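What follows is one structure encoded as structure tokens, with my remarks underneath.
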Amino acid sequence: MLQTELLTAGAAPALATGVAVLRCQGDVVELVEMAAAKGVPAGAVVDAHVRLGEELRLPQLRDQLSEQPGDSSWVLAAKITLRDELDEYRVALTGAVVRTADGLVDRFLAHHDRGTSRFAAARDFVTSERDQSVPVLTVVVSELRRLVLATT
């Protein structure tokens, strides 16, 4: 995804691959640190992170936040900020899954059904209406933030 975005923007293939790998490595380092702090196997935390992303369709939402031709510098800045927040909230939710549901994503989502449903409704609106405007995407990411706050 990131690699494709970079290639589309004109980056050299080696640079695009390297930056994409570094981003993934940053996520892995953070998840491994989380595992060590919680005293659980790193693989379990990474698995929970991936499964949570799949269940909430976070990678697809992140794709909605990609730069589009014609985006102004302010729109680009807003999308970058929203992607950063999305990534931060995903890690925070992973921590909550590990802390409160023993790494079991289904149990976590069932326990937080109301917040998960609100987030899913907002996310699905973006997908179904094809409205990828920054204000609408901001609402979706805010619903994810609400879900994070409900777990603390």
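Placing unit charges on C-beta atoms (Lys and Arg positive, Asp and Glu negative, everything else neutral), compute the dipole magnitude of region 55-108 about its Cα centre in debye, rounded to 20. Can you show the working numbers first?
Values: 7 positive and 10 negative charges, 22 e Å.
Taking the Cα centre of region 55-108 as origin, the dipole is about 100 debye.
Put a plus charge on the Cβ of each Lys and Arg, a minus charge on the Cβ of each Asp and Glu, and nothing anywhere else: the dipole of region 41-150 about its Cα centre is then about 240 debye.
FYI, it's all coordinate maths here, none of it is from the lab. Since this is a predicted model, take the numbers as computed values, not measurements. Backbone-built Cβ (ideal geometry, glycine too); neighbour counts: all protein chains shown.
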